[in-house]
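Novice: Right, I'll just put the structure down here and ask away after.
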Amino acid sequence: MIFQPQFLAPAIRAGRNALNWTQQDLAKKSEISLPTIARVETESNPKMATVLAVLRVLANHGVVFQWQEQGFAMSVNFLQKNLTATD
């Protein structure tokens, strides 16, 4: 995995938007405060534990990232575990 920190915030925003979630939705589902979610989506160097928690929640809802040197690829599987964007 090639991880470029500058692509983290846009990837998390894209994943959240793919699920039609607000920052508040992501905060609730990841059990991370709303201000922290806002920082993760704007800063290039958040705490790794926070990043992993957010990525885990997104993955559990069908959003998977592939990190590339020039950015990221994202796939969304709404059929995973019979989830929908509003779960």
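Novice: Could you compute how much accessible surface Leu8 exposes when probed at 1.4 Å, giving the result in Å² to the nearest 10?
Specialist: 0 Å²
Novice: For a quick check of understanding: with a 1.4 angstrom probe and all protein chains in place, what accessible area in square angstrom does Glu43 have, to the nearest ten?
Specialist: 80 Å²
Novice: Let me ask something additional. Of Phe72, Phe65, which has the most accessible area with a 1.4 Å probe, and how do the rest follow in descending order? Kindly include the intermediate steps, with their values, before the conclusion.
Specialist: Values: Phe72 65, Phe65 30 Å².
Solvent-accessible surface, decreasing: Phe72, Phe65.
Novice: Multiply the residue separation of Glu43 and Ala59 by 0.36 nm, subtract the distance between their alpha-carbon atoms, and state the gained length in nm to one decimal.
Specialist: Details: separation 16, 0.36 × 16 = 5.76 nm, distance 2.09 nm.
Residue separation times 0.36 nm, minus the Cα-Cα distance, leaves 3.7 nm.
Novice: Tell me, in nm to one decimal, what length is gained between Glu31 and Ala9 on full extension, where the rule is 0.36 nm per residue of separation less the Cα-Cα distance?
Specialist: Details: separation 22, 0.36 × 22 = 7.92 nm, distance 1.81 nm.
So the chain would gain 6.1 nm between Glu31 and Ala9.
Novice: Quick one: order Leu34, Leu19, Leu55 from most to least accessible surface, probe 1.4 Å.
Specialist: Numbers: Leu34 80, Leu19 0, Leu55 40 Å².
Descending accessible area places them as Leu34, Leu55, Leu19.
The values are calculated or read from the model by the stated rules, or taken from the named source; none is laboratory data. Worth saying up front: this structure is predicted, and the values here are computed from it rather than measured. All accessible areas refer to the heavy atoms of the entire protein, side chains included, with ligands and DNA or RNA removed. Shrake-Rupley method; radii C 1.70, N 1.55, O 1.52, S 1.80 Å.
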